[in-house]
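Please treat every number below as a calculation from the coordinates, not as lab data. Values in this document were obtained by computation on a predicted structure and should not be read as measured data. So basically every Cβ, Gly included, is an ideal-geometry build from the backbone, and we count neighbours across all protein chains shown.
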Amino acid sequence: MPHLSSLRFLFSSSSPFLSPLKPPVSLSLLSKPRPFSLSTVFSSYYKRHRNFRHTPSRRNSTSLRESKSKEKGLSMDETESVAGFNKRRAEGRDKSDKPKTLQLKSRKLNPVNTICYVQILGTGMDTQDTSPSVLLFFDKQRFIFNAGEGLQRFCTEHKIKLSKIDHIFLSRVCSETAGGLPGLLLTLAGMGDEGMSVNIWGPSDLKYLVDAMRFFIPNAAMVHTRSFGPAPDSDGASIPDHGKFTDPIVLIDDEVVKLSAILLRPSCLKGSQLMKEEPDVLNPLEVCAEERRDHFPGPLLLHSPKRNVGPVVKPGDFSVIYVCELPEIKGKFDPAKAVALGLKAGPKYRELQLGKSVMSDRQNIMVHPSDVMGPSIPGPIVLLVDCPTESHSQELLSIQSLSCYYTDSLGNPPESAKTVNCVIHLSPASVISIPNYQKWMKRFGTAQHIMAGHEMKNVEIPILKSSARIAARLNYLCPQFFPAPGFWSLQQLNYSAPDSIASSEGSNLCESISAENLLKFHLRPYAQLGLDRAGIPSLRAPSEILDELLSEIPEIVDAAQQVSKFWHGPRETKQEITAIQDNEVMIEEPWLNVNTLPCCLENITREDMEIVLLGTGSSQPSKYRNVSSIHINLFSKGSLLLDCGEGTLGQLKRRYGVEGADNAVRGLRCIWISHIHADHHTGVARILALRRDLLKGVPHEPLIVIGPRQLKRFLDAYQRLEDLDMQFLDCRHTTEASLDAFEGDLESNNHYSPPGSPVSFENKNINKKNAVGQMTQNVDTTLFAKGSRMQSYWKRSGSPVDNSVVIPILKNLKKVLSEAGLEALISVPVVHCPQAFGVVLKAAERINGVAKVIPGWKIVYSGDTRPCPELIEASRGATVLIHEATFEDGMVEEAIARNHSTTKEAVEVGSSAGAYRIILTHFSQRYPKIPVFDESHMHKTCIAFDMMSINIADLPVLPKVLPYLKLLFRNDMIVDESEDVAVSAT
């Protein structure tokens, strides 16, 4: 491509959205496409920049980049690909993504622990979307039980260092308890030069989760994953002898702690049938810590010649009781007794303290440790119990291996019994309240019972205080775009609960307390044994946050009043945003002359559409921004999700409230995923699982999930673990060209088998005449042209398309979109990684009161991408373009290396396409509160924040809020290289 080399240098700074590969052409994405060519882009750009003088920037210097490439030994082919985007990364061959050898952390244990406690990590407490985690803390070791969505963000908020975690234990394997695991593993793998790994333990169905995660997580991050229990089988596993099944399985036994697992299964499985025989479950055996970990080890089994077939247990049925036993505290050594028995001070004292007998120095007798040591104190014992259903609770009562921890009928432990100090119940309230469960709890005598299931009393206290504080400040400035968080108050719920559930007259409830975020139960030192509430965060009233804001920025009072005038001001203020005729308008700001109201907004109502930005950060969650997710709220017609990163469900509940989010999930029409990177899709399983539960027993259709084909492999593998009740559609089948090719088949039942590529174009003329009679070219002549290197990766060989499967789903999608008032959903290939897409949503036409046809609005979402002609053409005439802006303008080289966009590049894409409004999102977490941007070219643009809700009726005033947002964050505009977040943009 030597003919483009001179053009690349000329436009590398001034028009970074242009691709260096092939001239851009029309995608025919709109019903009335506009001509589009390289010359028109250049001319339109220079009409807007005719006085622009190019001053070569050091950051953007192509010659400098080429010289650096030569120093690194790169070929010219590689160098040229870097000028517009990182071709290797787009093709999945980026050297920076080469596999690492992830090592476990090696720690020297401290057998004489001075500090040890269990602590409730309140993930999901305020939103009830996921299971809380529990931290078991030692001087030199950290164990975490359960890793639901939001754990990583929670740890960042509360300064719990992930690098210090040695083991993660799952009480069940499902989206509720393990939704945060993929993101956690990727973050650890990215730490430092070599990355880190962690031991992960769970019942045997953990294998299915690991198999699913292999499609987007390096194998090296999961080689320390261990499962225990019966061998899993996708069709079910027969349970052998009941006694062996419930025997404890010792997972860890060192000088610090002995940790065992007891498997719990439902007592009766409806509709179960005997399956093929399986090997017996492992009897209580130690797991060898030195066992090879260079592959995923199979479940820990005890092979027995006698195999009894029992009830069938399918993946997801298992839950686990974890027993944590600390070693006893030896009694104090008494030197006086040692002297009386004829011992001299010296090494023998030490031997006795270590539990060894020694010969007396002055008497012909053996001195035993019991002769000179005071009475030992039994080591504390903690149980973590996850009993998810009533059927599990029936089995719980019959587990004999727990009998050594029970007291007698009077509450006194037998001589051989071990005293349990604390029982943490992860079971739901519906199970805990069952009389048999309460009866079982009483068997532990004086043990402290902590109820860590979902308690309504915790919904008022946000666990992410930093983001809640930002939300309150934004709400004060502009409540229209930043509604108050949707937490239900206890008064609204008419709910009241005492701090503890105590026995009362006529009640057989066992005494217990409700868990609270960061509640501790101390195990060592022994003098502090018991509860510690000192770290529990208190509810901070919004008035306190606002008082702090007014003290910090007094001008914010006037700013909030000015912002309110955009909605409630005098008539002339509203006229600034109405349709303009003859280009005559009185303006106070230089950019108001471009705010002509699009026809699609004529007679628009507030019940038509709202864009809710649930997550606006990139790579991994931070204190202030969650990862990517956008909720398109169509109100009575349902909703869609565009991308669904980890924690999306929690964000929905923070925005709409617990009940409101459930309604939103019920009303989902479709989930669309842009690409396979974890920050864009790891929240899907949790959303689907909740929807399945909410609609159980209600007639409904499976939810359509549209995404890259790698996502299908993940979801298919995951569905062996739990049913997700969904239909999958490859993004490639929703591109403009593919939909054109399928059009005839969607109208009829004639199916054909396309050769090779996802969609056959043979014998089908998809070139069309545009409105002015000019011929527009199809996708095969664009950046992703057939035979090009990019297209070879876009259409990488995979499973042949089965039209008998695809076409019914496409028909269903068409029906679902129509019911939602949408005309089309079109995926657009973009430049980021293999199988990366943007999306176009087009609303159906409306007819007003005088029978005038009003065109539907159009939303374009870029996903992750470099600026590219495909997306520009797809964004022609968009009502709203939501574009990623990962980096600031001065970081063009970083943006190219990672195939992301800068703020200015994103705005240029929208300006070139004539988009009415541009929303920037997906900011690097190096900008924790507000990104760095140049306000001079933001005249129709706004910066996104988590929970920002933009009603389509408010689009005219959207850019006018930006200067006031800058005032609100005037002390936070400097780049903050937060040590809490390891920035590694994906």
Review point. Label-point separation (nm) for residue 935 and residue 417, each offset 7 Å from Cα along Cα-to-Cβ?
Key: 7.1
Exercise for review: Starting with the fewest neighbours, write out 213, 359 ranked by other beta-carbon atoms found within 10 Å of each beta-carbon.
Suggested key: 359, 213
Review point. What FRET efficiency would be calculated for the residue pair residue 538, residue 377, taking the C-beta separation as r and a Förster radius of 35 Å, to the nearest 0.05?
Key: 0.50
Revision key, fill the gap. Once residue 390 and residue 344 are pulled to full extension, the length gained, defined as 0.36 nm per residue separation minus their Cα-Cα distance, is 10.3 nm
Practice item. May I ask you to derive the FRET efficiency for residue 547 and residue 465 from their Cβ-Cβ distance with R0 = 22 Å, giving the value to the nearest 0.05? Key: 0.85
Check your understanding: In what order do 720, 654 fall by count of nearby beta-carbon atoms within 10 Å, going from fewest to most?
Key -> 720, 654
Revision key, fill the gap. Expected sort for 129, 532, 889 with the fewest Cβ neighbours (10 Å cutoff) up front is 532, 889, 129
Exercise for review: At 7 Å along the Cα-to-beta-carbon direction for both residue 353 and residue 430, put a label point, then send me their distance in nm to one decimal.
Suggested key: 5.6
Revision key, fill the gap. Once residue 637 and residue 603 are pulled to full extension, the length gained, defined as 0.36 nm per residue separation minus their Cα-Cα distance, is 10.4 nm
Review point. Using 7 Å Cα-to-Cβ label points, what is the residue 845/residue 818 separation (nm, one decimal)?
Key: 1.6
Review point. Taking R0 as 45 Å, what's the FRET efficiency between residue 219 and residue 361 from their Cβ-Cβ distance, rounded to 0.05?
Key: 0.15
